[in-house]
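Accompanying notes for the structure given below.
The values are calculated or read from the model by the stated rules, or taken from the named source; none is laboratory data. This structure is a prediction, so every number in the text was calculated from the model and none was measured. Note: ideal-geometry Cβ built from the backbone for every residue, glycine included; neighbour counts use all protein chains shown.
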Amino acid sequence: VYAASPPVENRKEVTRADAAVAKRHLMVTSCTSRDQETDSYAWRSIWKTSRTEMGEFGVGIQLYFDFLLYLGVVLLVMAFMATPLLHKAAQGDLAGVGANVMVRTSIGNIGECGKFGELCTDVTYVPYRRLNPGSDVLLRERTPLYGGLDATAMVVLLSFALVFYAIHIKRVVRQQDEDNITPSDFSVHVMGLPRRLGTTPEEHHQYAHRLKEHFERLIGDMPAEEGERDPDQPIVCEVALARDYEGAVRNFLGQGKLYVRKHEMAAQVTALYAEGKT
C-alpha cells in the first residue's frame, strides 16, 4: 500500500491534476458551449440561451420552459377575460360594508343592494338588482356575457393543454431528434429476447456478454465497406439489458413503505403504553 502511494512532494501535483480533470468533466457535462479552436468550454448566458438551445441537453428541459412560457401567456389571456367581471364585482355592494377585498372582488358581491342591504329586503329582488349604482342595466342582462367570457377562458386553457400534449410535444421531440446527435442514433432496440439463458445461473449471468458476442459475429461477417464502419473501432460498444418486471419493483418499494409505517405505529403504541394513556 505504501509503495503504491505517491511521494509526499508529488501528492500536491497529483491532486492538482485530479482537480483539473474534475473541473473539465464538470464543464463538459454542464450547460456550456464548446470552442472548437481552443477545445475549451464556457458557461452559457442565462439571458441569451434560447429554449431550443437548452433542448440540446435534453428535450424535457426545452419542453419544461416551453410549458412555462405558453402557460403564462394563457393565464394572462384568462386574466384579461376575467377583468370585466372583477371590475363590476368591485363596484357592487352586496357583500356589505365590512367585507374584505377578497369578498368584494368575488362574484357574490356583484350588483347593487345598498350598503346595508336595504334594496334587497325581499329575496325575489336579488335576481333583478341593478348592475351597479346609478345604472339602469339589470345584472341578469350582463350575466350571459360574463358567463361566456368565463367559458371562453376555460376553452382556451383546455385547448392549450390539448395542443401542447398532442401536437407540440411530438413536434419538439421529432425536431430535437433531427437536429442533435444522441446515443440513441447509434443504438438498436431489440425486443423479444428469452427471459433466461442456459440452464444454470452461471450461464444466465453471462447473458449480456453472450449477446454482445452474438452481435459482433453477426456484424463482423459484413464487409467493412458494406457496413460503413471503421475496422479499427469496436463492432459493438455496449449491451444493456432491461427486463420488464411488470411493476414488481414498484410493488416491492410499496411493501417497504408499509413495513416502515407498521413499525412506526408499533413504536407509537409502545410509547403510549409506557405513558399509561391506553
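So which of Leu63, Leu69 ends up being part of a helix (DSSP H, G or I), of a type in the set (A, V, I, L, M, F, W, C) and farther than 16 Å from Asn180 by Cβ?
Testing whether each residue is part of a helix (DSSP H, G or I), of a type in the set (A, V, I, L, M, F, W, C) and farther than 16 Å from Asn180 by Cβ leaves just Leu69.
Which residue, of Leu158, Leu197, is in contact with a helix residue (DSSP H, G or I) (Cβ under 7 Å, 6 or more places away or on another chain) and either of a type in the set (A, V, I, L, M) or at pLDDT below 85 (or both)?
On inspection, the qualifying residue turns out to be Leu197.
Matching residues to (1) aromatic (Phe, Trp, Tyr); (2) surrounded by 12 or more Cβ atoms within 10 Å (Cβ to Cβ); (3) closer than 30 Å to Gly55 by Cα; (4) modelled with pLDDT of 85 or more:
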{"residue": "Val190", "(1), (2), (3), (4)": "no, no, yes, yes"}
{"residue": "Lys212", "(1), (2), (3), (4)": "no, yes, no, yes"}
{"residue": "Ile219", "(1), (2), (3), (4)": "no, yes, no, no"}
{"residue": "Glu225", "(1), (2), (3), (4)": "no, no, no, no"}
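Does Leu157 meet the test of being among the hydrophobic types (A, V, I, L, M, F, W, C), at negative phi and in contact with a strand residue (DSSP E or B) (Cβ under 8 Å, 6 or more places away or on another chain)? Please lay out each step first, then the result.
Details: among the hydrophobic types (A, V, I, L, M, F, W, C): yes; at negative phi: yes; in contact with a strand residue (DSSP E or B) (Cβ under 8 Å, 6 or more places away or on another chain): no.
The answer is no for Leu157.
For the range 30-69, what are the residues that are among the aromatic types (Phe, Trp, Tyr), touching a residue at least 12 places away in the same chain (Cβ under 8 Å) and more than 18 Å from Val172 (Cβ to Cβ)?
Residues of the range 30-69 that are among the aromatic types (Phe, Trp, Tyr), as a first pass: 41, 43, 47, 57, 64-65, 67.
From the residues that got through so far, the ones that are touching a residue at least 12 places away in the same chain (Cβ under 8 Å) too are 41, 43, 57, 65, 67.
Within the range 30-69, Tyr41, Trp43 qualify.
When you look at Arg171, is it more than 30 Å from Val74 (Cβ to Cβ), of a type in the set (Lys, Arg) and either loosely packed, with under 12 Cβ neighbours inside 10 Å or at pLDDT 90 or above (or both), yes or no?
Working: more than 30 Å from Val74 (Cβ to Cβ): no; of a type in the set (Lys, Arg): yes; either loosely packed, with under 12 Cβ neighbours inside 10 Å or at pLDDT 90 or above (or both): yes.
Criteria not met by Arg171.
Condition first: closer than 29 Å to His189 by Cβ and either in contact with a Ser or Thr (Cβ under 9 Å, 6 or more places away or on another chain) or among the basic types (Lys, Arg) (or both). Now tell me which residues in the range 241-278 satisfy that.
Listed by number, the residues that qualify are Arg243, Arg250.
Provide a single number: the residues in the range 73-96 that are outside any helix (DSSP H, G or I) and exposed (fewer than 14 other Cβ atoms within 10 Å of the Cβ). Even if it seems obvious, please write down each step before you answer.
Our first condition is that a residue be outside any helix (DSSP H, G or I); within the range 73-96, this holds for 92-96.
Filter once more, so that each one left must be exposed (fewer than 14 other Cβ atoms within 10 Å of the Cβ): none.
Number satisfying all stated conditions: 0.
Which residue out of Leu119, Leu197 is surrounded by 14 or more Cβ atoms within 10 Å (Cβ to Cβ), among the hydrophobic types (A, V, I, L, M, F, W, C) and outside the structural domain of His87 (by the TED database)?
Leu197
Within the range 97-213, considering only helices (runs of 4 or more DSSP H) that don't extend past its boundaries, which have at least 3 residues that are within 21 Å of Val59 (Cβ to Cβ), without any contact (Cβ under 8 Å) to a residue 60 or more places away in the chain and hydrophobic (A, V, I, L, M, F, W, C)?
On the way: elements: 101-104, 143-163, 169-179, 201-205.
By residue number, 143-163.
Every residue, every condition in (1) touching a helix residue (DSSP H, G or I) at 6+ places or on another chain (Cβ under 8 Å); (2) modelled with pLDDT of 80 or more; (3) assigned by the TED database to the domain that holds Ala153, yes or no:
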| site | (1), (2), (3) |
| --- | --- |
| Tyr41 | yes, yes, no |
| Gly60 | no, yes, no |
| Leu85 | yes, yes, yes |
| Gly92 | yes, no, yes |
| Val101 | no, no, yes |
| Cys113 | yes, no, yes |
| Tyr125 | no, no, yes |
| Glu141 | no, yes, yes |
